[in-house]
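Undergrad: Sharing a structure here in structure tokens format.
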Amino acid sequence: MSLKRLFSGKIKVKGAGADVLYKFETKEPTLDEIMMTNFRDLQFSEEEKRVLTAKNRRDIYRFQHLNQKEISKYATNLLTLIKKSKKDRVQVETDHAGTLICLALIYSGKIPSHIDVHFKLKSAPLSLFPKQLAKNRFPGHNVSISICNSESWLTDFRSLQKVPDHIELSHISPQEDLDLVG
């Protein structure tokens with residue numbers, strides 16, 4: 001998986017007639033910053049530690065150090081598109097760093113209650129979602145979430161797929177419901 005693919009892409013907004021393009025500038029971590037001891041808080045299992053490469057640690061470091069103001073800016077752009085939608089149901093799809101943008105919006109409490117929004121998040125490193133971006137612990141009643149981490153670099157890292165304590169995924173839909181909203 002290329003660095004560009006992890007930290008730049010688009011958030012598809014079906015029902016709004018447009019997409020949100022994002023691109024994060026990431027800095028190259030030093031060797032000291034990607035030492036295993038710096039990732040203790042992620043509580044990797046012994047098996048995960050065996051398959052965790054230096055490249056994986058660099059990517060995790062970059063996720064952990066994404067500019068939160070930029071994440072919020074892109075979340076605001078996404079909210080604007082959703083609000084402009086003429087439909088009462090909107091589906092949002094993204095992967096990798098785009099999932100953090102969607103999570104920032106989901107837990108902002110700003111999604112209008114009269115629009116049902118279904119988020120399809122692929123390759124979502126949930127445990128790396130910053131606590132500072134979670135303004136609410138629960139998504140709105142009109143928000144549903146589907147998460148798919150199969151066929152992803154996250155497949156080997158269950159620790160990165162864990163839901164952090166500062167959010168609840170009470171509105172998560174099963175994988176079979178991914179195409180529920182059209």
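Undergrad: At 20 Å minimum axial length over the Cα atoms and a Kyte-Doolittle cut of -0.5, report the qualifying DSSP H helices in the chain, or say none.
TA: Values: long enough: 68-84 (24 Å, -0.44).
Once both thresholds are applied, what remains is 68-84.
Undergrad: Suppose a student asked you for the relative contact order of segment 83-158, using Cα pairs under 8 Å spaced at least 6 residues apart; what percent would you report?
TA: Once normalised by length, the contact order is 35 percent.
Undergrad: Report, in debye and to the nearest 20, how large the dipole of the chain comes out about its Cα centre when Lys and Arg carry +1 and Asp and Glu carry -1 on their Cβ.
TA: Its charge dipole is roughly 700 debye.
Undergrad: If I take all pairs of Cα atoms in segment 59-124, what percentage of them are more than 19 Å from each other?
TA: Cα-Cα pairs in segment 59-124 separated by more than 19 Å: 30 percent.
Undergrad: Follow-up. How much of the accessible area of the chain, in percent, comes from carbon and sulfur atoms when a 1.4 Å probe is used?
TA: 49 percent
Undergrad: Taking every DSSP beta bridge that has both residues in the chain, what percent is antiparallel when rounded to the nearest 5? Intermediate values should be presented prior to the final figure.
TA: Working: 9 of 24 bridges.
In the chain, DSSP labels about 40 percent of beta bridges as antiparallel.
Undergrad: Using a 10 angstrom cutoff on alpha carbons, build the Gaussian network for the chain and name the most mobile of 68, 161, 132.
TA: 132
Undergrad: Taking a ≥ b ≥ c as the square roots of the eigenvalues of the Cα gyration tensor of segment 100-169, is the shape rounded (a/c under 1.5), prolate (a/b larger than b/c) or oblate? Mind dumping the intermediate values first?
TA: Working: a/c = 2.61, a/b = 1.55, b/c = 1.69.
Note, shape of segment 100-169 comes out oblate.
Undergrad: How big is segment 1-77 along each principal axis, measuring the range of its Cα positions in Å and listing the largest first?
TA: Each principal axis gives a Cα extent; for segment 1-77 these are 45, 23, 22 Å.
Undergrad: Another one. Which of the residue pairs 23/86; 10/69; 73/131; 10/49; 55/135; 23/69 have a Cα-Cα distance greater than 22 Å in the structure shown? Spell out each step's value before the answer.
TA: Working: 23/86 27 Å; 10/69 18 Å; 73/131 17 Å; 10/49 31 Å; 55/135 32 Å; 23/69 13 Å.
The answer is 23/86; 10/49; 55/135.
Undergrad: Determine the dipole magnitude for segment 85-126: charges of +1 sit on the beta-carbon of Lys and Arg, -1 on that of Asp and Glu, nothing else is charged, the reference point is the Cα centre, and the result goes in debye to the nearest 20.
TA: 100 debye
Undergrad: Kirkwood Rh and Cα-based Rg: tell me the resulting Rg over Rh for the chain, rounded to two decimals.
TA: Numbers: Rg = 16.1 Å, Rh = 16.7 Å.
My calculation of the ratio gives 0.96.
Undergrad: With unit charges on the beta carbon (Lys/Arg positive, Asp/Glu negative), name the residue among 100, 34, 113 whose Cα is farthest towards the positive pole of the charge dipole of segment 27-182.
TA: Of the listed residues, the answer is 113.
Undergrad: Next up: Compute the relative contact order of segment 1-59 as a whole-number percentage, counting only Cα pairs closer than 8 Å that sit 6 or more residues apart in sequence.
TA: That works out to 27 percent.
Undergrad: Then there is this: Can you tell me the dipole magnitude for segment 75-177 around its Cα centre, using point charges on the Cβ only (Lys, Arg +1; Asp, Glu -1), in Debye to the nearest 20? Write down the numbers at each step before the final one.
TA: Values: 13 positive and 10 negative charges, 102 e Å.
It comes to approximately 480 debye.
Undergrad: Which longest uninterrupted range of the chain lacks any GluC sites (Glu not before Pro) assigned by DSSP to a loop state (not H, G, I, E or B) and surrounded by at most 12 other Cβ atoms within 10 Å?
TA: It works out to 26-150.
The values are calculated or read from the model by the stated rules, or taken from the named source; none is laboratory data. These figures come from a predicted structure and were not determined experimentally. Every residue, glycine as well, gets a Cβ built from its backbone with ideal geometry; the counts of neighbours run over all protein chains shown. SASA here: full protein model, heavy atoms, side chains in, ligands and nucleic acids out. Shrake-Rupley method; radii C 1.70, N 1.55, O 1.52, S 1.80 Å.
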